[in-house]
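Everything on this sheet refers to the single structure shown next.
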Amino acid sequence: MNINEIAKTVSAEILFESSVCQDKDIQYAVAADLMSEVMIGTVDGSLIVTGLMNPQVIRTAEMMNAAAVLFVRGKKIPEQVMELAQDREVTVLSSGCTMFEACGLLYNGGIQSGRD
């Protein structure tokens, strides 16, 4: 799935799309609110699904070579997080879905587990 297909699947808004991610085919996702969980065996190019709203999410995405971050639960993303995402070229989406709902919809759409 590309970013636009992911956004449509989970009724998300694309808040920032990096040039790196525009045509990327995303096949994997990992979901967690603990970034230490994301850092364990995550496949390169995975989508990170989280409700955690701090700059550590963007730093983790960059370090793990994630395709994008999908923030769930309709939370307002702090300006500091968005600025860091733009600076680090990390694509950011926001959805009102719960993490459970987003994962189910993505799975039904063909996204696989992003764990090695």
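The values are calculated or read from the model by the stated rules, or taken from the named source; none is laboratory data. Predicted model, so just to flag it, every value in this text is computed and none were measured. All Cβ positions, even for glycine, are placed from backbone atoms using ideal geometry, and neighbour counts span all protein chains on display. Calculation scope for accessible area: heavy atoms of the full protein, side chains included, ligands and nucleic acids excluded. Shrake-Rupley method; radii C 1.70, N 1.55, O 1.52, S 1.80 Å.
Within the bounds of the stretch 40-60, is there any residue that is open to solvent by 10 Å² or more (accessible area, probe 1.4 Å), farther than 12 Å from G114 by Cβ and acidic (D, E)? No, the stretch 40-60 has no match at all. Could you look through the stretch 3-28, keep only residues that are farther than 26 Å from Q80 by Cα and of a type in the set (S, T, N, Q), and pick out the one that is modelled with the lowest pLDDT? Step by step, filter the stretch 3-28, then rank; the result is Q27. Among the residues of the stretch 101-116, which ones are of a type in the set (A, V, I, L, M, F, W, C), open to solvent by less than 60 Å² (accessible area, probe 1.4 Å) and not in a loop (DSSP other than H, G, I, E, B)? Answer for the stretch 101-116, where residues must be of a type in the set (A, V, I, L, M, F, W, C), open to solvent by less than 60 Å² (accessible area, probe 1.4 Å) and not in a loop (DSSP other than H, G, I, E, B): A102, C103, L106.
Scanning the stretch 27-62 for residues that are hydrophobic (A, V, I, L, M, F, W, C) and under 14 Å from V92 (Cβ atoms) yields L47, I48, V49, L52, M53, V57, I58, A61. Within the stretch 7-34, the set of residues being more than 12 Å from the chain's Cα centre (by Cα) and crowded, with 18+ Cβ neighbours inside 10 Å comprises T9 only.
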